[in-house]
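J.: Input: one structure, supplied below.
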Amino acid sequence: MTKILVPELGEGIVKATVAFWHVKAGDQVREDDDIVELVTDKATFNVPANCPGVIKDILVKEGQEARIGEILAIIDAK
Amino acid sequence: MQHTATQHRAHYRDLGLISYQEAWDLQKTTVDAVIAGAAPVLLLCEHPAVLTLGRLGAEEHILFSRPELAQKGVEVVRIDRGGEVTLHSPGQLVIYPIFNLNYFGKDLRIYMQKLEQVAIDLLHDFGIVAKRIDGRTGVWVGQDKIASIGVGVRKWVSYHGLAININTDLQLFSLIRPCGLDVQMTSMARLLNRPAELDLIKTKIIEHFSREFHLNFTSEEKI
């Protein structure tokens, strides 16, 4: 199991809003595929998968906020 | 090491008046190229009247129906950037820096501050005193907004960017509540009391990007 976390986005940025999931639970992903789009201030940030595998769980819904370091999704790594 | 070694090679491309969609397609292919290791690219353009709405932007900030907008010749596009609704129209200089932010601090806030600084420095060249307002992204003259910022990032490569009102028809902003705020927009032409020369502004903008990001720009027709 590999966790996808909200990455460090910049100094003073403590949270982001999940704007869009490119994937749903059960989807196959390759390493580096964009899986979720975060929005902070006036910026959109795409978070890639850090390994190939299957999306096991999505933990933050679209429109909800997550703090830096919080778990966004879990990948069942191949 | 030679002094010039600190300035990295980059390209700019002046697209002139180009549809939002066509420029968006070009941004996407350019982002792919920069992710693959190509030099940074600065795209400069103007768009025919178009309203763009960020992913989480609220429809109610567009104050007219789609048929009414279509009649006025204004397109509406929902896009993957932060921020609320924004208007682009001829006379507004739109700048899309496609930069690998791994080389520029890997920090969204610093990057957006650099974009704001470029606009502030450009306006200073024309005797206009512009500033940031804490907690409100963009560039302001007094309480009026002159430049808007909305960026996207993929693999730490930037897209979307900065829009500066040069000779923009400010009446068009009455179609929207810009950025979801009750903001008054202004332009260089309004502040200078005359139309500003877009070609000169483009030259100055490239100089300021060069200084702010330590890049050495050359024109590129095809990327």
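J.: Between chains B and A, what is the buried accessible area in Å², counting both sides, with a 1.4 Å probe and ligands, DNA and RNA left out, to the nearest 100?
T.: Values: alone 10920 and 4810 Å², together 13890 Å².
Approximately 1800 Å² gets buried when B meets A.
J.: Taking H as built 1.01 Å from N, whose amide H comes closer than 5 Å to the amide H of A:D57, not counting residues under 5 places away?
T.: A:I74
J.: Determine which lysines satisfy two conditions relative to B:K72: a Cα distance under 22 Å, and not lying fewer than 8 residues away in the same chain.
T.: Within reach: none.
J.: If you roll a 1.4 angstrom probe over the protein chains with everything in place, what fraction of the accessible area of the protein assembly as shown belongs to carbon and sulfur, to the nearest %?
T.: Taking all protein chains in place, the protein assembly as shown shows 48 percent carbon and sulfur surface.
J.: I've got another one for you. Per residue, how much space in cubic angstrom lies within the convex hull of the C-alpha atoms of the range B:1-97?
T.: Details: hull volume 11.4 nm³, N = 97.
Dividing the Cα hull volume of the range B:1-97 by its residues yields 118 Å³.
J.: So which lysines can A:K56 reach, going by Cα to Cα under 27 Å and dropping same-chain residues fewer than 8 places off?
T.: Those lysines meeting the cut-off are A:K3, A:K15, A:K24, A:K78, B:K155.
J.: Let me ask you something else. B:I166's amide H: which non-local residues (gap 5+, or another chain) put their own amide H closer than 5 Å, with H modeled 1.01 Å from N in plane and none for Pro or chain starts?
T.: HN-HN under 5 Å from B:I166: B:Q92, B:L93, B:M188.
J.: With a cut-off of 8 Å between alpha carbons and a minimum separation of six or more residues, what is the relative contact order of the range B:80-189 in percent?
T.: Result for the range B:80-189 is 37 percent.
J.: So if I average 1/r over every pair of distinct C-alpha atoms in the range B:113-195 and take the inverse, what Kirkwood radius in Å does that give? Write down the numbers at each step before the final one.
T.: Details: mean 1/r = 0.0747 Å⁻¹.
Across the range B:113-195, the inverse of the average 1/r is 13.4 Å.
J.: Provide a list, ordered by number, of residues in the range A:26-72 showing at least 40 Å² less accessible area with every protein chain present than when their chain is taken on its own, using a 1.4 Å probe.
T.: Residues losing area: A:D34, A:E37, A:D41, A:K42, A:A43, A:T44, A:F45, A:N46.
J.: Can you work out the accessible area per residue across the protein assembly as shown, with the rest of the protein chains kept in place, probe 1.4 Å, in square angstrom?
T.: Using a 1.4 Å probe on heavy atoms only, each residue of the protein assembly as shown averages 46 Å².
J.: Quick check: pseudo-label points 7 Å beyond the Cα along Cα→Cβ at B:L17 and B:Q71, how many nm apart are they?
T.: 2.4
J.: Based on the alpha carbon coordinates of the protein assembly as shown, what radius of gyration and maximum Cα-Cα distance (Dmax) apply, in Å?
T.: In Å, with Rg to one decimal and Dmax whole: 19.5, 64.
J.: Taking a cut-off of 17 Å, what percent of all Cα-Cα pairs in chain A are separated by more than that?
T.: In whole percent, the long-distance tail amounts to 36.
J.: Nearest 5 percent is fine: what portion of the DSSP beta bridges confined to the protein assembly as shown is antiparallel?
T.: Within the protein assembly as shown, antiparallel bridges account for around 75 percent of the total.
J.: Determine which lysines satisfy two conditions relative to B:K202: a Cα distance under 21 Å, and not lying fewer than 8 residues away in the same chain.
T.: B:K114, B:K131, B:K145, B:K222
The values are calculated or read from the model by the stated rules, or taken from the named source; none is laboratory data. Nothing here was measured: the structure is a model prediction, and the numbers come from that model. Please note: Cβ atoms are built from the backbone with ideal geometry, for glycine as well, and neighbour counts cover all protein chains shown. Ligands, DNA and RNA are stripped out before the accessible areas are found, and what is left, the full protein with its side chains, is counted by its heavy atoms. Shrake-Rupley method; radii C 1.70, N 1.55, O 1.52, S 1.80 Å.
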